[in-house]
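Take a look at the structure set out below.
The values are calculated or read from the model by the stated rules, or taken from the named source; none is laboratory data. All values reported here derive from a predicted model rather than from experimental measurement. A quick note on method: Cβ atoms are made from the backbone with ideal geometry, for glycine too, and the neighbour counts reach across all protein chains shown. Each accessible area value is taken on the protein alone, full model and side chains, heavy atoms only, with ligands, DNA and RNA left out. Shrake-Rupley method; radii C 1.70, N 1.55, O 1.52, S 1.80 Å.
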Amino acid sequence: MQIKDETETNLLNLRRTIYLTIMSSVDFEEAGHKLLKIKLEPGQEMELCIMLLECCSREITYLRYYGLLGQRFCMINKVYQENFDKCFVQQYSMIHRLETNKLRNVAKFFVHLHICSALACFSLYMLNPQIFEVYGLGKEVVDFSFCGSMSSIGGLTFDDVRHVSSITFLSNIAHI
């Protein structure tokens, strides 16, 4: 008979270790090396992605540190790329619940990953543009994330982005 711990103490300890490692590291390279030393069981890679995104979202202003760290993990292992894709879709499906500062940081984090090609454009295909229409947040999302954080994506320039509505913009990205 094997005893199973259903209090998720191990998960809590893992999240605490990841958080402390991220917050105590001097730069993204040190954090990356330390995080890679943590023994993750298969399937726990998602926890690292979630914690990285959570730490990023709680900062007062966006720190490039998080984008570089996320980029490093995406380049190291495709599992992290797939998990960040899932996080991207999940975050944008809950966009109406995010505070302004958290929205800005999360958007800039994912824009960084898309710009540096750490994430495939596949996650952009999974976006449902209607969510922006329903909650009236399209312009805000484009202003915070796409317009304010990047000069081009998928052949669209900064000027193109400024002059199109959010729905048109997201549709253009989806058709590339």
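Sort out which residues of the range 26-43 are assigned to a loop (DSSP other than H, G, I, E, B) and open to solvent by less than 40 Å² (accessible area, probe 1.4 Å), and write them in order of number.
Result: I38, single match.
Report yes if E8 is charged (D, E, K, R), open to solvent by 30 Å² or more (accessible area, probe 1.4 Å) and under 16 Å from the mean Cα position of the chain (by Cα), otherwise no.
no
Mind checking which helices (runs of 4 or more DSSP H) fall wholly inside the range 56-123 and carry at least 1 residues that are modelled with pLDDT under 90, in contact with a helix residue (DSSP H, G or I) (Cβ under 8 Å, 6 or more places away or on another chain) and open to solvent by less than 50 Å² (accessible area, probe 1.4 Å)?
By residue number, 78-93, 100-115.
Could you check how many residues of the range 44-55 are open to solvent by 30 Å² or more (accessible area, probe 1.4 Å) and either in a helix (DSSP H, G or I) or over 20 Å from N10 (Cα atoms) (or both)?
Residues that pass the stated criteria total 5.
Hey, L127 hits all of (1) at pLDDT 90 or above; (2) part of a loop (DSSP other than H, G, I, E, B) but one; which does it fall short on?
All conditions are met except number (1).
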